[in-house]
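The values are calculated or read from the model by the stated rules, or taken from the named source; none is laboratory data. From a predicted model like this one, the values you see are computed outputs, not experimental measurements. Note that each Cβ is placed from the backbone with ideal geometry, even for glycine, and that neighbours are counted across all protein chains shown.
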Amino acid sequence: MNQTKYLKKFILVLIIFSTQIFAQDPVTLRLDDNGIASYQSIFIADFDFLQVGAVEDLFDIILTKEKGEVREATFTITLIQNNAEVLATIITNKFDIPASETPHTWTISNKELANESFSFDGVSNISISESKLEDTASDLQDKILASSQIPVGLYTLTSRMTYTYIDPVSNQPTDYTTNTSADINIVVSNPTLINLITPGVLLNSGFSYDVYSEQPILQWNGNSGDYEVLVFKKESEFSSVEDILNSEPIWSDNREEINGALSIQYPDIDALPLEYGKTYVWMVRSFINTSSGENVINSEPWEFTLMDPSKAQGVENMAKQELEQLLRQLLGDNAEAVIRDLDGFAISSMRINGSTISTQELYQFIEKYRDQERQIYDLLIRSSN
C-alpha cells in the first residue's frame, strides 16, 4: 500500500518536473535580416541608437507572445565579432506587454527602436537605455575611429529578452530569459581595392603607353564586385584629373554588363571609335553597398595612345612592351629580374595550345585561374636567336 502511494507521488513529481523542463517559453524571438547582411561596409553610427533618426534599415525583431501579461521586459541586442568578442551592445529600458485573448506576433524594426516609435499597448513606447561600443573591443577602437566603420571580419547579431510572465490561468509570475531562435551572420569586407592593370600608365606620369588595337581589353583588380568603366578622350597634353572628370566620357559600360568581372573590351559598336594617334584616359568606378547608402570609389586615371600598327616599329617591339607590362602587373617587384633575363630575346608571337594569342588574351587566360592552383606539366620556350 505504501509502495503504491510513494509510486504515485513519484510519478506526480516526475510529471511536474518534466512539464517544467519541456515547457516552451511564453515569448519567442527571431531576428530577421532587413539589409544588414547585404552591406559590404557598416558604419558604427548605425549601432548608436541614442542618435535618433541616425540609423538605416538593418534588422527586425519578430516577437510572439502567449496570452499572458509581460512585465518589466528589456531587449539586449549585441554585435559579436567572430563569435567571441562583443563589439556593440544596445539595451532598452523596461517595458510591459499587456495580456491578450490570443497569442500575438509583432515585428519591431531597428529604426522603430532607435526612434523610440514602437509601442505594444499604443501608449508607452520602447526607449533605449544604453547604446555603446564595448570596452572589450579596445583593440578595434583605432580602426573604427579611422574609418567610422566596423572593421573587416565575421560578425553575429543576436538578441535576448528578459521579462516576468504572468500566467493567465494561475496568475503566477515567472522570470524568463529568452534568446533569439535565429541570429544574423554578417560578413564585413569594407572594399577599398581598385587597381588598374592594363593598358596604360598613370595620367601625366611622364611616360607613354602605346596600344595597337582599336578594341583594347581593359583590365583591373578590385574587391567590391560592382564596377563601371569610363573612357575619356584626352583633349590636351596637360589635362588634369579634374579636367578629365569634368568632361563627358566617350564611352562607359553598363554596370550590369560587367556583372562582377574584372575586364571588358572596348566595343566596336555603340561607342565612339578610337582614333590613331590620339590619347585616351580610362578609369574604373567601384560601387560599395554600405549601411549609410552607396559609396563610390574611383581608381587612378590611366592613359594610353592608340598607334597605327602599320606604322609601328615592328611586331617584336609591340609584343615585348606588352609582355613587360603584363609581367609587372603579375609579378610586382619580382618582374624586373625576369625582364632582365629576357633581354636579348626577340619576341615574335605567343601560343597557348598551338594557337597564337596576344598579351591581353594571355592575361584573360591567366585571369580564369585566379585564386586557383594549377600544375604545369609542360612549358616550352622557343627562341629565334
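Being touching a helix residue (DSSP H, G or I) at 6+ places or on another chain (Cβ under 7 Å) and either closer than 22 Å to residue 203 by Cα or at pLDDT 90 or above (or both) narrows it down to one residue among 297, 264; which is it? Don't jump to the end; show me each part of the working.
Values: 297 fails: touching a helix residue (DSSP H, G or I) at 6+ places or on another chain (Cβ under 7 Å).
Every option except 264 fails the conditions.
Please find, among 211, 187, the residue that is at pLDDT 85 or above, in contact with a Leu (Cβ under 9 Å, 6 or more places away or on another chain) and exposed (fewer than 14 other Cβ atoms within 10 Å of the Cβ).
187
Within the range 189-196, can one find any residue that is of a type outside the set (D, E, K, R), more than 21 Å from the chain's Cα centre (by Cα) and either assigned to a loop (DSSP other than H, G, I, E, B) or under 15 Å from residue 285 (Cα atoms) (or both)?
Keep residues of the range 189-196 that are of a type outside the set (D, E, K, R), which gives 189-196.
Those still in the list that are more than 21 Å from the chain's Cα centre (by Cα) too: none.
No, the range 189-196 contains no residue that is of a type outside the set (D, E, K, R), more than 21 Å from the chain's Cα centre (by Cα) and either assigned to a loop (DSSP other than H, G, I, E, B) or under 15 Å from residue 285 (Cα atoms) (or both).
Within the range 232-277, can you find the residues that are part of a loop (DSSP other than H, G, I, E, B) and under 13 Å from residue 303 (Cβ atoms)? If you could, list the steps in order and put the result at the bottom.
From the range 232-277, those part of a loop (DSSP other than H, G, I, E, B) are 234-240, 246-250, 253-254, 259-262, 266-277; that's our starting set.
Matches in the range 232-277: 234, 235, 236, 237, 238, 239, 240, 274.
When you scan the range 74-95, do you find a residue that is small (Gly, Ala, Ser), in contact (Cβ under 8 Å) with a residue 60 or more places away in the chain, within 17 Å of residue 44 (Cβ to Cβ) and crowded, with 19+ Cβ neighbours inside 10 Å, even just one?
Taking the range 74-95 as the starting set, the residues that turn out to be small (Gly, Ala, Ser) are 84, 88.
Those left that are additionally in contact (Cβ under 8 Å) with a residue 60 or more places away in the chain: none.
Within the range 74-95 (the criterion being small (Gly, Ala, Ser), in contact (Cβ under 8 Å) with a residue 60 or more places away in the chain, within 17 Å of residue 44 (Cβ to Cβ) and crowded, with 19+ Cβ neighbours inside 10 Å), the answer is no, since none of the residues qualifies.
Filter the range 61-73 down to the residues that are among the charged types (D, E, K, R) and either surrounded by 21 or more Cβ atoms within 10 Å (Cβ to Cβ) or not assigned by TED's automatic domain parsing to the domain that holds residue 151 (or both) and list them by number.
Here is the first cut: in the range 61-73, the residues among the charged types (D, E, K, R) are 65-67, 69, 71-72.
Of everything in the range 61-73, just one residue is among the charged types (D, E, K, R) and either surrounded by 21 or more Cβ atoms within 10 Å (Cβ to Cβ) or not assigned by TED's automatic domain parsing to the domain that holds residue 151 (or both), namely 65.
If you check residue 169 against the conditions, is it outside any loop (DSSP other than H, G, I, E, B) and either over 22 Å from residue 295 (Cβ atoms) or modelled with pLDDT of 90 or more (or both)? Can you show your working first?
Details: outside any loop (DSSP other than H, G, I, E, B): no; either over 22 Å from residue 295 (Cβ atoms) or modelled with pLDDT of 90 or more (or both): yes.
No.
Which count do you get for residues in the range 163-188 that are within 36 Å of the chain's Cα centre (by Cα) and among the small types (Gly, Ala, Ser)? Break it down into steps so the answer makes sense when it comes.
Step one: of the range 163-188, the residues within 36 Å of the chain's Cα centre (by Cα) are 177-188.
Keeping just the survivors that are among the small types (Gly, Ala, Ser) gives 181-182.
Final tally of qualifying residues: 2.
Could you check the range 85-116 and list, in sequence order, the residues that are assigned to a loop (DSSP other than H, G, I, E, B) and over 25 Å from residue 150 (Cβ atoms)? Break it down stepwise before answering.
Step one: filter the range 85-116 for residues assigned to a loop (DSSP other than H, G, I, E, B), giving 93-94, 98-103, 115-116.
The answer is 93, 94, 98, 99, 100, 101, 102, 103.
Using beta carbons and a limit of 6 Å, which pairs, at least six apart or on different chains, have the first residue in the range 271-288 and free of Cβ contacts under 8 Å to residues at least 40 places away in the same chain and in the same structural domain as residue 230 (by TED's automatic domain parsing) and the second one part of a loop (DSSP other than H, G, I, E, B) and surrounded by 15 or more Cβ atoms within 10 Å (Cβ to Cβ)?
Close Cβ pairs satisfying both conditions: 272/250.
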